[in-house]
Structure formats: structure tokens, C-alpha cells
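Step one of this worksheet: look at the structure below.
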Amino acid sequence: QEQSTYEHGVVRILPDGWLYPGTTPRFLNRIQSFKFRPDDVLVMTFPKSGTTWMQEILWTMLFNPNLDNPQATQPLLVRSADLSVDMMFDTVTIDEIRPESMYEAFKKLCPGKDEEDGIAVQCLDAMPGQRVIKCHYPFDLMPPDLLDKTKVVYVARNPKDMVVSFYHFYKVIKVFDYKGSLDSFIKLFMDNGVIYSPYWPHIKQGWQKRNHPNLHFVFYEDLKADPQGEIQKINQFLATGLTEQQLKNVVQHTSFSSMKSRGDPLPDQGIYNKELHQSSGGFYRKGVTGDWKNHFSQELNHEMDKWIKDNIGDSGIPFKMD
Ligand code: A3P
């Protein structure tokens, strides 16, 4: 990939200007040659859009539809590794290097792997059989024939709720340690200055491929409104053949309250500012649609509506804001 200059430990990868930690290009090369298996299912998202929820849904559908698999108590990020986590290697920082990173936490869960080679890639290589893989990279940074090799579930969330969720995440993760207001965070996000940006090409690339037989596109809001109906569609997409009862099991096991009661997807290894994290609700913070209304001023809402209108173009992505 062609790159622009490194600044404050982050790199913008051209042509879309994806904003990632400076280590990313090294790991992106490995992802280009990553051996996807035909029965893998890759959850692709812009962060805070329901990634974890979908990972748990897929894992439960494939490996625990009767809710009797003892493996289900393993942390989700071990059962369903994150291909994009390797870029967190030691410098997941915007302004300075911190001693404990998300990557450090992940390393403890997958011991004995050579970090220079990418721990997530090695963990996934070592996993036998079918895998549920998480990834925040957009299609543009993945192998061009990805959909010929494997199935992808793309989850999108309306950008207003997503950015509120992201703001809380930026505040509680030590490496980000964001001190600004929601308004300033949203402005930064709209300026493509938040990690994993820009938002629009990410989602548009997923949406454009929505009719590909190996891509299933899901909105967080639809999943929230009708989990059983949406999980039934995934049952068809993956040809999992789950019974009504098994679908009900999956819905129940992956409801917000069930997932929250089982604890964070990645056990706390010092990545969070603990007090702030707990007081703002933990990883499973609210899990609702329309929370933005509790946070947006009229002016901010107006500004974001304009940003959406200017950027959504003729893509026709049918976001649901309520
Ligand atoms: P909130 O911060 O709005 O509560 P990701 O996994 O992509 O990081 O997304 C995290 C968001 O998904 C958080 O949103 C989290 O609460 C929400 N979420 C996780 N599991 C969920 C579930 N079972 N039902 C509804 N929302 C869920």
C-alpha cells in the first residue's frame, strides 16, 4: 500500500486516507496473504457498530446452538480472534507510547506466539476447522478476492449512535484517553481524525457488495428491532439449518442483558481506565438505538445531518436513526 507520512504514531494509508496505528502497513501485508478458509465467516465493521454482538451470534449459531458447549465460557476474543488487532502492536497511540496496550492484553490470552509475525494471524492459523473472524479493515485493505474465498457479514450502525458509542470508548481506553467533549469528538470524527476513519468509504464499500452471494449486510438497528428475523436470515446465508428452538436459543444467549451478564469480551487487562469504564456502563454500555438523542444539541444534530447528506451521496444506504 502507498502511504503518507507518519505523524504521532499514526499513518494515513492512501488513497482513501485510512487512519491507523503506524505499525499497520506491516500487518496489512500479512493479511493480504492470510489463508482464509471457505467456511470462515468474517465479521467486518467500522468500530462500535455491533461487531461483538455479531461475533457472538455467529459463534453461537455455529458452535453452541443448543447452549451446551463448555467452550462458550472462553473470552469471545479468543473464540473469535480480531484480524485487525495485530496493528495494535506496542504503539497503539495517538500521542505517546503507553506501557499496556490492547495488544498486550491479547498477547496474554494467546501465549507463545511470535509477535513480530502477528499474533492474531498465528492464533487464527492454529485454530482448527471453521472460524468466526473479526476485522475492522474495509474491503479496500483486504485481499481483492476476499469474497471468492470466504463469507463476510458486514454490520453497519447509524453514524449518530456509532459516534456516541465511539466517544465513550475513546474516553475509557487508556491508549486513547480522550479528554475532549462529545462535540469536539464528533467534529474530529467528521474530519476523519478518529482511528479507523474514514467512515464513508468503509460503509459504502460494504453496501456496494451487498448483493454478492458471499456477503450478508446487516444493520444494527434491524438486529435490535427483530433479532429472531435477522438471525433467521443469517441461518439461510450460512446454510446452518438451525431449528426454531435453536434460533430462539441464539436470540436469548446474545441479547444485550445476557451478554452483559457474562462480562466484557476481553477481560480487563489494564486497557481501560477502570473507574470511568465502570461508571459509563462498561463495554456493554447501553445497547440501544437512538441514544444519540440524549447527547446531541440541536446545532450538532444539524451539523451531522448535513455531513450525512453531503457524504451519503447516491449510495442510498437506508440508515435508521430512531
Ligand atoms: P453502546 O456503546 O451504544 O452501548 P462493537 O462491538 O462494534 O465495539 O460495538 C459496541 C456497541 O455494541 C456498544 O454500543 C455495545 O453496547 C453494543 N452491543 C454489544 N452487544 C450488544 C447486544 N447484544 N445487543 C445490543 N447492543 C450490543
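Brief remarks follow.
- Residues that are surrounded by fewer than 13 Cβ atoms within 10 Å (Cβ to Cβ) and among the acidic types (D, E), drawn from region 260-294: E275
- Failed item in (1) away from the ligand (no atom under 16 Å from the Cβ); (2) free of Cβ contacts under 8 Å to residues at least 12 places away in the same chain; (3) within 23 Å of R157 (Cβ to Cβ), with G263 passing the rest: (1)
- Answer residue from region 12-58, given it is part of a strand (DSSP E or B), of a type in the set (A, V, I, L, M, F, W, C) and surrounded by fewer than 21 Cβ atoms within 10 Å (Cβ to Cβ) and is modelled with the lowest pLDDT among those: I13
- A count restricted to region 218-259 and to residues that are within 15 Å of the ligand (Cβ to nearest atom) and either assigned to a loop (DSSP other than H, G, I, E, B) or surrounded by 16 or more Cβ atoms within 10 Å (Cβ to Cβ) (or both) stands at 19.
- Reported count of residues in region 278-302, each being near the ligand (Cβ under 10 Å from one of its atoms) and out of contact with any Asp or Glu (no Cβ under 7 Å at 6 or more places or on another chain), is 7.
- Single condition S184 does not satisfy, out of (1) in a helix (DSSP H, G or I); (2) at pLDDT 95 or above; (3) out of contact with any Ser or Thr (no Cβ under 9 Å at 6 or more places or on another chain): (2)
- Any chance L67 is more than 11 Å from the ligand (Cβ to nearest atom) and assigned to a loop (DSSP other than H, G, I, E, B): yes
- The listed residue being within 20 Å of the chain's Cα centre (by Cα) and either within 20 Å of L223 (Cα to Cα) or of a type in the set (V, I, T) (or both), out of I308, I234: I234
- Residue within region 192-208 that is hydrophobic (A, V, I, L, M, F, W, C) and closer than 29 Å to S279 by Cα present: yes
- Odd one out for I195 among (1) within 13 Å of the ligand (Cβ to nearest atom); (2) modelled with pLDDT of 95 or more; (3) assigned to a loop (DSSP other than H, G, I, E, B): (2)
- When residues of region 135-175 are limited to those that are closer than 26 Å to F34 by Cβ, of a type in the set (D, E) and not in a loop (DSSP other than H, G, I, E, B), the one modelled with the lowest pLDDT: D140
- Of the residues making up region 149-188, those that are of a type in the set (S, T, N, Q) and more than 30 Å from N211 (Cβ to Cβ) are S181, S184.
The values are calculated or read from the model by the stated rules, or taken from the named source; none is laboratory data. Because the structure is a prediction, the values reported are computed rather than measured. In this analysis, Cβ positions are derived from the backbone assuming ideal geometry, glycine residues included, and neighbour counts consider all displayed protein chains.
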